[in-house]
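Colleague: Attaching a single structure in structure tokens format; questions to follow.
What follows draws every value from the coordinates through simple rules; no lab data is involved. These figures come from a predicted structure and were not determined experimentally. Note: ideal-geometry Cβ built from the backbone for every residue, glycine included; neighbour counts use all protein chains shown.
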Amino acid sequence: MFSKSVLAKGLWGRNCLGLSAFALALTASPYLAVNNANAATATSTLGVSLTVLAGCEITSVGDVEFADTDLIAESEPTATGTIQVKCSDGQAYSVGLGAGTGADASVTERKMTRAGGEETISYSLYRDASHTQVWGDTIEGTPNVVTGTGTGEAQSYTVYGKVIAPQSPPAAGTYSDSVAITVTY
């Protein structure tokens, strides 16, 4: 039998010898080491691309809200709203406004309908503060849309609303309409 100290010495010596032999073989092996004098390289290229598609979005809408009034027959209330559009830099676009959801409405005479009823109030939406250029949805022929060129940032457009007079005095109540906004690019 061997004593503990002899056994430990023998194992330690064997392990150290084994590690030393491995380290020597690793550094001396021509297959495991790179010899810079004989090194060669191969090259190629890696293509990188990205296609940016044209795009537009409506970023915010501020409704046209007329002030409370009692007699439309004697006045033409006005109000403004806003539309913000963001399009790709350099992208041409147009912003059109539909006729609305009121019965028999058109872009030149839209109709707000009384909540809970069928009565309507005629109004129009314009591209200018003097209320002379109707804002519609016609792009071809005689256009009545707002046009722009994208900058990559939101661009703001004012919608000018005016109630058309004269009209028969409507029944009391809240009148509203919903108008589609279309951005074409």
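Colleague: List, in order, the whole-Hz ³J(HN,Hα) value for each residue of the range 44-55 obtained from phi through the Karplus relation with A = 6.51, B = -1.76, C = 1.60 and θ = phi - 60°; use x for Gly and Pro.
Modeller: Using θ = phi - 60°, the values come out as 7, 10, 10, x, 10, 8, 8, 9, 9, 8, 5, x Hz.
Colleague: What is the distance, in nm, between label points placed 7 Å from the Cα along the Cα-to-Cβ direction at T69 and at E109?
Modeller: Result: 1.6 nm between the two label points.
Colleague: Quick one: which residues, 5 or more positions from T151 or on another chain, have an amide H under 5 Å from its amide H? H modelled 1.01 Å from N in the peptide plane, none for Pro or chain starts.
Modeller: Those lying under 5 Å, H to H, from T151 are C87, G90.
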